[in-house]
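Comments concern the structure below.
The values are calculated or read from the model by the stated rules, or taken from the named source; none is laboratory data. The structure presented is a predicted model; accordingly, all values stated were derived computationally and were not measured. Cβ placement follows ideal geometry from the backbone for every residue including glycine, while neighbour counts extend to all protein chains displayed.
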Amino acid sequence: MYGAMTSSVIVKFCEDDDQITAAYPIMDQLRPHLDEADFLEQIRRQMQSGYRLVAAHLGDEIVDENHRGQGVGEALMKGGEMETERQDCQTLRLCSDLTREQAHRFYEGIDMDKTSYSFVKKLI
């Protein structure tokens, strides 16, 4: 289901634990440091601040390696833009690890601007 290109792409928000957990295998490619339980806990915590997990990635988004180059990522981003506009938001922002150069080229190719770096300090 996730990452497969069909004749129409359905953008769906993962809202319950089953939907979030179903997204874990593909999210593991983006966040391999999280196990499934930690992933679910993190998504739930982020949802309390308005974060929404999209399946079919505003917040976290990744297209399965086997389905890249087929329009899935662009459809996901378009769905995110539509939802952002629907909720009267003015900006769509995402974070991408510095090592994800292929993803950066993709984002720049769909007219997103690189505007900042994010700094992190692990305390534990």
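When you scan segment 47-57, do you find a residue that is modelled with pLDDT under 75, out of contact with any His (no Cβ under 9 Å at 6 or more places or on another chain) and part of a loop (DSSP other than H, G, I, E, B), even just one? Within segment 47-57, one or more residues are modelled with pLDDT under 75, out of contact with any His (no Cβ under 9 Å at 6 or more places or on another chain) and part of a loop (DSSP other than H, G, I, E, B). Taking segment 94-113 as the range and being surrounded by 10 or more Cβ atoms within 10 Å (Cβ to Cβ) and aliphatic (A, V, I, L, M) as the test, the residues that pass are Leu94, Ala103, Ile110, Met112. Within segment 12-32, is even one residue surrounded by fewer than 14 Cβ atoms within 10 Å (Cβ to Cβ), part of a helix (DSSP H, G or I), modelled with pLDDT of 85 or more and among the aliphatic types (A, V, I, L, M)? Looking through segment 12-32, none of the residues is surrounded by fewer than 14 Cβ atoms within 10 Å (Cβ to Cβ), part of a helix (DSSP H, G or I), modelled with pLDDT of 85 or more and among the aliphatic types (A, V, I, L, M).
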